[in-house]
Amino acid sequence: MTAEEAVEILYRAAPERFVAERKRLAAELKSAGDKAAAQKLAALEKPSVSVWVVNQLYREQRKRFDRLLAVAAKLRGGDLSVAAEHREALAEMRRLAAERLREAGHSASEATLRKVSANFAALAAAGGFEPDPPGALRTDRDPPGFGELDAASFAALPKREEKPRPSHADDKQAREKELREKKQREEQRAAAKAEQRRLQAELRAAASELEERKRELERSRRRASEAEDAVAKAEKALERAAARVRELE
């Protein structure tokens, strides 16, 4: 078994089996003489369920995943006509993720699905999993920035053309046409602004979620540090007790 194959097997594992599978695979690599790969594998952190389900859908819904990447590539290339298709592809992956989470006995909460959506959006914007191996996303990713998309959306709006004034001031038909065009431009701008607000709301929600994850990580680190201190104290107490026993013998 190669190191790449071990990673592939590990990231197929259910979250509750990840630690045990990591230990088993690392031991197998070590037994095969690849100690460096074993150490790297043993250092991989257990992914969150929002990361796990993305990795599973990459394997189980490959056609839909590839469709998302293909549409995102067109969008990055400036083809704004596929913006709606891009949103639909993201929504479809989110729906499939919710179904997969429930099938595996996990909660498909709104908070989890927001992370899933951010992961898919980030992978689509990047064009793949790099720097992680395909199907081996390790941590939740931040959603891509929306500034360029907003600018492109507004840039794509039809510009008002300067038209020569009618030869007669009472040319009713020309005035009605101009009013229709003005109303159309206003509707397009309103739609673009609404899209901008929606994307900005998603960004704020993702940023808030990221801060919460950071706080959770800091709390985990503090608990780990406290646990290490407790273990050290227990070991010292054990040493003192053992020394006392030896004195009494």
Pairs only if they're at least six apart or on different chains, beta carbon under 9 angstrom, first in the stretch 174-196 and closer than 24 Å to residue 86 by Cβ, second at pLDDT 80 or above and not acidic (Asp, Glu); list them, first residue then second. 195/83
Taking the conditions exactly as written (out of contact with any Asp or Glu (no Cβ under 7 Å at 6 or more places or on another chain) and of a type in the set (Lys, Arg)), does residue 62 satisfy them or not? yes
Quickly run through the stretch 52-79 and pick out the residues that are in contact with a Phe, Trp or Tyr (Cβ under 9 Å, 6 or more places away or on another chain) and aliphatic (A, V, I, L, M). 54, 57, 68
Does any residue of the stretch 59-69 turn out to be touching a residue at least 60 places away in the same chain (Cβ under 8 Å) and assigned by TED's automatic domain parsing to the domain that holds residue 83? yes
Flag if residue 42 is surrounded by fewer than 16 Cβ atoms within 10 Å (Cβ to Cβ), of a type in the set (A, V, I, L, M) and either in contact with a helix residue (DSSP H, G or I) (Cβ under 6 Å, 6 or more places away or on another chain) or under 20 Å from residue 91 (Cβ atoms) (or both): yes
Conditions: (1) within 28 Å of residue 191 (Cα to Cα); (2) at pLDDT below 95. Residue 70 meets all but one. Number of the miss? (2)
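Are any residues in the stretch 55-73 in a helix (DSSP H, G or I), of a type outside the set (A, V, I, L, M, F, W, C) and closer than 18 Å to residue 136 by Cβ, and if so, which ones?
Matches in the stretch 55-73: 55, 56, 58, 59, 60, 62, 66.
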Given the criteria outside any helix (DSSP H, G or I) and in contact with a helix residue (DSSP H, G or I) (Cβ under 6 Å, 6 or more places away or on another chain), does residue 108 qualify? yes
I'm trying to understand the selection: among the residues of the stretch 124-142, which are of a type in the set (A, V, I, L, M, F, W, C) and either outside any helix (DSSP H, G or I) or outside the structural domain of residue 52 (by TED's automatic domain parsing) (or both)? 129, 136, 137
Within the stretch 119-144, can you find the residues that are more than 10 Å from the chain's Cα centre (by Cα), over 23 Å from residue 14 (Cα atoms) and of a type in the set (A, V, I, L, M)? 125, 126
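The values are calculated or read from the model by the stated rules, or taken from the named source; none is laboratory data. Here the structure is a predicted model, which means the values were calculated and not measured. Counting neighbours? That spans all protein chains shown, and the Cβs are built from the backbone with ideal geometry, glycine included.
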